[in-house]
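Chemist: Here you go, one structure.
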Amino acid sequence: MDERHVLIGLHEAPGIGWKRIYGILQQHVDLRELPTWSAGRWRSLGMPEKVAQALPHELSEAVIREKLVRYNNLDIEIITMMDDTYPLLMKEIAQPPWVLYMRGNSTLLQSFCIGMVGTRVPTAYGRRVAELLVQGLTAKGITVVSGLARGIDSTCHEATLQAHGQTIAVLGTGVDVIYPPENRLLYERIRENGLIVSEYPLGTRPSPGTFPQRNRIIAGLSHGSIVVEADERSGSLITADFAMESNRDVFAVPGPITSPKSKGTLSLLKQGAIMVTCADDIINEYDSRLEDLCDKTYVKQEDNGIANTSNIPPSGDLANISHLTEQEKTIYLILEQGDATIDEIQAKSNFDFGLLHTVLLSLIIKKQISQCSGAVYTLI
């Protein structure tokens with residue numbers, strides 16, 4: 001098995017979350033060796049007994065291959081952080097998903113995206129504003145990202161499809177679990193004409209914790225996020241928080257000061273969000289880049305029958321760094337001058353800490369650098 005398949009198996013193993021995978025990668029182990037580890041080896045890394053006992057089975061080639069074949073039979077595409085097709089914007093958030101499961105046109109992950117979220121119980125004003133904004137955005141070739149939830153999310157997806165635009169639905173469930181159930185027809189239309197995305201394995205049911213995590217993916221895929229209508233405790237404000245933490249633009253639609261559904265957006269405006277009264281307010285923020293980004297043609301890579309293979313060169317091919325992103329090249333060239341602490345790298349790169357942390361992690365995964373004691377990084 002290659003590393004990305006092991007990462008998928010690890011991601012789906014019970015009791016293994018984002019931080020535990022990160023901790024394993026920090027050990028600089030070859031992921032291809034993990035299926036050979038005993039329960040005792042896993043316990044030595046601090047895994048709970050139940051998890052340690054289960055991992056040798058969960059990471060066996062037979063189990064992982066059976067899962068991958070099932071995904072393939074269900075026409076579900078998988079990408080990991082090791083793949084070149086993984087969205088670059090997503091790598092800039094604090095905890096980018098290790099794995100994404102998709103149904104539909106996966107090339108939309110490379111398009112220019114704007115997130116649109118709002119209350120599940122919108123007013124007629126909120127619905128109409130959402131429709132008008134979508135019409136303006138789709139006319140410019142912008143992909144609308146939302147969460148398939150009731151209310152504003154559904155309105156944005158529906159309006160995008162009606163305008164023959166591009167839309168991505170990010171789920172808080174597995175890609176095979178439709179929630180809310182009444183959105184089944186909308187789900188199928190997006191699957192046929194857009195993209196369904198989730199970080200959760202097949203069969204994952206809705207729970208209170210999965211939806212806030214889903215919101216970070218909406219923000220992570222998008223250059224900016226618009227909150228159309230939200231009350232003071234609306235979950236859509238979580239998306240705005242993630243966007244701000246990732247240094248993305250946050251837009252808010254003003255509403256009547258007497259409406260409870262406007263309290264959340266009015267609060268965002270007080271915090272410095274960009275006020276939106278028409279689609280041009282958003283488009284003008286990206287005018288210099290938008291035409292070039294939206295006119296690109298993205299070619300879907302061939303499926304190998306189970307999952308896309310990574311194009312990352314083998315470890316040791318250090319002479320050629322053309323496969324790295326521009327941000328990764330920046331850090332690589334800094335470390336070419338000598339080992340450096342994270343503070344020294346930050347000073348030379350001018351990256352904010354969240355972005356720097358993600359780029360360093362990506363380079364570790366690609367086996368270009370390693371972390372030594374004292375938060376010192378060195379080329380491999």
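Chemist: Filter segment 256-290 for residues that are assigned to a loop (DSSP other than H, G, I, E, B) and farther than 21 Å from residue 218 by Cβ and give the result. If you could, list the steps in order and put the result at the bottom.
Modeler: Start the filter on segment 256-290 by keeping residues that are assigned to a loop (DSSP other than H, G, I, E, B), which leaves 256-259, 271-273, 276-278.
Scanning segment 256-290 gives 256, 257, 258, 259, 277, 278.
Chemist: For residue 317, state whether it is open to solvent by 50 Å² or more (accessible area, probe 1.4 Å) and either in a helix (DSSP H, G or I) or at pLDDT 80 or above (or both).
Modeler: Details: open to solvent by 50 Å² or more (accessible area, probe 1.4 Å): yes; either in a helix (DSSP H, G or I) or at pLDDT 80 or above (or both): no.
No, not satisfied.
Yes or no, residue by residue, for (1) at pLDDT 95 or above; (2) farther than 23 Å from residue 119 by Cβ; (3) open to solvent by 10 Å² or more (accessible area, probe 1.4 Å):
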residue: 185; (1), (2), (3): yes, no, yes
residue: 191; (1), (2), (3): yes, yes, yes
residue: 194; (1), (2), (3): yes, no, no
residue: 206; (1), (2), (3): no, no, yes
residue: 221; (1), (2), (3): yes, no, no
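Chemist: Sticking with this one: Let me confirm something: among 165, 151, which residue is modelled with pLDDT of 95 or more and closer than 22 Å to residue 280 by Cβ? Walk me through it before giving the result.
Modeler: Working: 151 fails: closer than 22 Å to residue 280 by Cβ.
Exactly one residue qualifies, and that residue is 165.
Chemist: Also, I was wondering about something else. Considering (1) within 24 Å of residue 12 (Cβ to Cβ); (2) part of a strand (DSSP E or B); (3) of a type in the set (Ser, Thr, Tyr), say which one residue 204 fails and leave the rest.
Modeler: (2)
Chemist: Moving on. Output the number of residues of segment 230-245 satisfying the condition of being more than 15 Å from the chain's Cα centre (by Cα) and hydroxyl-bearing (Ser, Thr, Tyr).
Modeler: 2
Chemist: Here's something else I'd like to know. Just to be sure before I move on: is residue 168 under 21 Å from the mean Cα position of the chain (by Cα), more than 30 Å from residue 70 (Cβ to Cβ) and buried (at least 24 other Cβ atoms within 10 Å of the Cβ) in the structure I sent?
Modeler: no
Chemist: Are any residues in segment 86-103 modelled with pLDDT under 90 and either over 23 Å from residue 245 (Cα atoms) or among the basic types (Lys, Arg) (or both), and if so, which ones?
Modeler: 91
The values are calculated or read from the model by the stated rules, or taken from the named source; none is laboratory data. Here the structure is a predicted model, which is why all the values come from computation and not from measurement. Every residue, glycine among them, receives a Cβ derived from its backbone with ideal geometry; neighbour counts consider all protein chains shown. The protein model used for the area step is the full one, side chains on, heavy atoms only, and it has no ligands, DNA or RNA in it. Shrake-Rupley method; radii C 1.70, N 1.55, O 1.52, S 1.80 Å.
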